[in-house]
1. Would you list the P(r) distribution for segment 59-189, with all Cα-Cα distances sorted into 5 Å bins from 0 and each bin expressed as a whole %?
2. What FRET efficiency would be calculated for the residue pair residue 139, residue 119, taking the C-beta separation as r and a Förster radius of 25 Å, to the nearest 0.05?
3. For segment 62-115, what's the relative contact order in percent, using C-alpha pairs closer than 8 Å and at least 6 residues apart?
4. For residue 88 and residue 152, calculate 0.36 nm times their separation in residues minus their Cα-Cα distance, and state this gained length in nm to one decimal.
5. Find the relative contact order for segment 59-189 and round it to a whole percent, using C-alpha pairs within less than 8 Å whose residues are 6+ positions apart.
C-alpha cells in the first residue's frame, strides 16, 4: 500500500520534479512581471482605476495622517509644518484636511484618484466632510477635491485657487502651494465663533 497520501515521502521521480521546478520558475516570473507593471506607491502596490476596491479596509490604512507623501515632496521640516497646519484646520472647521502626493496618476483623473480616498473614509465609517490637496509632479498636475457636502462652500473658488497654487508649485515650492490651499479653504469653512453670553 502506498503511504504517500498520509504525509510520508513519495518515491523520487525526476520528471515531476523537473515540471515542478519549471512551474515555480513560471510563478516567480509572473509575480515579478506583474509587480513591475503595477504602479508602486508608498512602499506597497496601490489600486488604480475602474470600480472602487472593497471598502472593508481599516481607517488607518486609508489615511494614517493628514499628510500622505509617497512622492517625497516635503522634507522633515516642511512635513512638520504641514502636519501642524492640517491639524489646526481640522480643529477650526471639523473637516478632514489631507495633503496627498503620488508618484503618478497612471491614467486616472485627479477626481477619480481622490474619490477613492473620500469614498474609502466614508465607507469605513468616518463620515466627516473632507478636503484633499493633491500633487502629482510626474503628471505636472495638482488639484483640490472635496466631499459633496462641501460643494457649495468650495466649488465657486476652487478653479481660481488651483490656478494660484500653480505658480509656487511650478517653482518646486509645494509647501507654499499646499499652505495656500489649506489656509484659504479653512477661512471659508471655519465654524462661527460661539457667541458670548
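Only the coordinates and a few stated rules stand behind these numbers; no lab work does. None of the values given here were measured: they were computed from a predicted structure. Please note: Cβ atoms are built from the backbone with ideal geometry, for glycine as well, and neighbour counts cover all protein chains shown.
1. In order of increasing distance, the bins hold 2, 11, 23, 26, 23, 13, 3, 0 percent.
2. On the way: r = 21 Å, r/R0 = 0.86.
Calculated transfer efficiency: 0.70.
3. Working: 39 pairs, mean separation 24.1, N = 54.
With pairs under 8 Å counted, the relative contact order is 45 percent.
4. On the way: separation 64, 0.36 × 64 = 23.04 nm, distance 2.22 nm.
Gain on stretching residue 88 to residue 152: 20.8 nm.
5. Details: 170 pairs, mean separation 32.9, N = 131.
25 percent.
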